[in-house]
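Take a look at the structure set out below.
The values are calculated or read from the model by the stated rules, or taken from the named source; none is laboratory data. Just so you know, these numbers come straight off a predicted model, no measurement behind them. Cβ placement follows ideal geometry from the backbone for every residue including glycine, while neighbour counts extend to all protein chains displayed. These area figures cover heavy atoms from the full protein model, side chains too; ligands, DNA and RNA do not enter into them. Shrake-Rupley method; radii C 1.70, N 1.55, O 1.52, S 1.80 Å.
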Amino acid sequence: AMIPHKSKAFRCILDLSFEILVDGETITSVNARTHKRANQQAMDFIGSSIKRIVYLMEEQWDGPPFVFAKLDVKDGFWRMAVSDEDAWNFCYVLPSLNKSTNIDDIEIVVPNSLQMGWCESPPFFCSASETARDIMDNIRHKPLPPHEFEHRMLPRPTGEHRATATATTAIEVYVDDFIGVTNDASKENLTALSRAMLHGVHAVFPPPRVTGHAGGDPISEKKLDKGEGTWSTEKEVLGWEFDGVAKTIKLPTKKWNDIRPALPSPDTRKRVPVSTPA
């Protein structure tokens, strides 16, 4: 199945929920026949990532401005290896523009990676990405070697920034998105955080020089070039625009314009009575 995607023409999803009828006998789908063994708890924190960032800003309401940075794992599910034996569960016919009349001419793909559409892919992947986040958090206070991508995360110097006694930092993950949040914008802290996040991703999702594959670096360089990884007081995070100075979030303009017609007219009253339950 090809579904629309915000940064490319489409995203391919393998439909593993359909049943096949062969000689009057129904063969159940791959998803239905799957014995679920992945740790479902790996996805428990997904729905509260935004809440934790908002709570962090609220706790530091009177503190220094917050800055944010994001790293994205490119083709995340495909970074998870599948054994040669299990790969046959995901095989599919490669679409072709030329009609084939001979079954021997049909090309079949047997992928050695997790597929979008398999019911166990999200928890298996989240187990890996949550582990990477834990590594980032554990190494961010330790001396780390420079990383080849860190210059793409560090902002241009705008003056001296020093941490206060109440400065706070957090690293969140939402599936394949890693979000750094801090109100200590000193060069030392941003450098340490950048290195921890970059090395943390590569600790779980190794780069091509380690694996030998030709799929590009797991860290999306395209998004780094767009500035998504650069520390900034304004950043779009998981569909919301964060302002680290005002400590607010709002919907991006395009999203707001898309949903606004479906909302009731705004209430223009200056006062709204609150009824007290009996």
Limited to region 102-153, what total is found for residues that are open to solvent by 60 Å² or more (accessible area, probe 1.4 Å) and in a loop (DSSP other than H, G, I, E, B)?
10
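Which one of these is touching a residue at least 12 places away in the same chain (Cβ under 8 Å), open to solvent by 20 Å² or more (accessible area, probe 1.4 Å) and of a type outside the set (F, W, Y): I27, I53, I46?
Values: I27 fails: touching a residue at least 12 places away in the same chain (Cβ under 8 Å); I53 fails: open to solvent by 20 Å² or more (accessible area, probe 1.4 Å).
I46 is the lone residue from the list that is touching a residue at least 12 places away in the same chain (Cβ under 8 Å), open to solvent by 20 Å² or more (accessible area, probe 1.4 Å) and of a type outside the set (F, W, Y).
Yes or no: D72 surrounded by 11 or more Cβ atoms within 10 Å (Cβ to Cβ), modelled with pLDDT under 90 and not in a helix (DSSP H, G or I)?
Working: surrounded by 11 or more Cβ atoms within 10 Å (Cβ to Cβ): yes; modelled with pLDDT under 90: no; not in a helix (DSSP H, G or I): yes.
The answer is no for D72.
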Condition check for P218: farther than 12 Å from A69 by Cβ, modelled with pLDDT of 90 or more and in contact with a Phe, Trp or Tyr (Cβ under 9 Å, 6 or more places away or on another chain)
yes
Pairs where the first residue, in region 82-109, is without any contact (Cβ under 8 Å) to a residue 40 or more places away in the chain and the second is among the aromatic types (F, W, Y), C-beta under 6 Å, 6+ apart:
V109/Y92
Residue count, region 18-64, condition aliphatic (A, V, I, L, M), over 24 Å from F124 (Cα atoms) and at pLDDT 90 or above, comes to 4
With respect to E228, determine if the residue is closer than 25 Å to A132 by Cα, touching a strand residue (DSSP E or B) at 6+ places or on another chain (Cβ under 7 Å) and among the charged types (D, E, K, R).
yes
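In the list A170, A203, which residue meets the criterion of being open to solvent by 40 Å² or more (accessible area, probe 1.4 Å) and of a type outside the set (K, R)?
Numbers: A170 fails: open to solvent by 40 Å² or more (accessible area, probe 1.4 Å).
That would be A203, the only listed residue that is open to solvent by 40 Å² or more (accessible area, probe 1.4 Å) and of a type outside the set (K, R).
Can you tell me which residue in region 75-101 is surrounded by the fewest Cβ atoms within 10 Å (Cβ to Cβ), limited to those that are of a type in the set (S, T, Y) and modelled with pLDDT under 90?
The extreme case among them is T101.
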